[in-house]
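The values are calculated or read from the model by the stated rules, or taken from the named source; none is laboratory data. All values derive from a computational prediction rather than experimental measurement. Note that each Cβ is placed from the backbone with ideal geometry, even for glycine, and that neighbours are counted across all protein chains shown.
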Amino acid sequence: MSGKKHKQMRKEQRMSSIEQPDCSSEPPDLRVETRPVSRNEQSFPRELSDRQVMALPYLAAVTTNEEGARMAEINISTLTRWRQDPVFRDELRRLREDASNLAFAELHGLALKGMATLSGLMEDPNPRVRTQAVRIALNVGVRVGETQRNTRRLNQLQKALTLLKNVK
């Protein structure tokens, strides 16, 4: 069975499983499904095929289309076609953003742990260890300050650019 026929068949099955509202005088049943949903449970748009859903995690985890297609065991031309579908493209973008947010949260936790360790080393009985810890803390503090100043300046420049664009 071809992919298009399979997708059309799945779509028809989903449509037939949706109950059509009857025109009786009773109000429709508007209960929401009470099954608890896990925070870790992924939900994907219904428009995506099973193959697309299975390939998405592989594609989100790699940096090149070729590598993603190889890992997901699909042809690169199939991936190119899928990437033209806005639903697929949006879902891939969402998965990549989720992975990025998770990585940043992990890095933030490691930074906090590192600073706590550094703070402990500043109390070490060995003066060399204390001196090195202070040196590292000062260096990190200076870099954080520079980053904050650069971020503020960048935001100011972006606001100025937006204002200039609106003047035209």
Qualifying residue in the stretch 127-148 (condition: more than 30 Å from Glu47 (Cα to Cα) and exposed (fewer than 10 other Cβ atoms within 10 Å of the Cβ)): yes
Failed criterion for Leu157 (all others in (1) exposed (fewer than 11 other Cβ atoms within 10 Å of the Cβ); (2) over 28 Å from the mean Cα position of the chain (by Cα); (3) among the aliphatic types (A, V, I, L, M) hold): (2)
Failed item in (1) part of a helix (DSSP H, G or I); (2) over 29 Å from Ala60 (Cα atoms), with Ser100 passing the rest: (2)
Flag for Thr64 being over 30 Å from Arg51 (Cα atoms) and either among the hydroxyl-bearing types (Ser, Thr, Tyr) or assigned by TED's automatic domain parsing to the domain that holds Val53 (or both): no
Residue that is nearest to Ala111 (Cα to Cα) [pool: residues in the stretch 143-168 that are at pLDDT 95 or above and of a type in the set (Val, Ile, Thr)]: Thr147
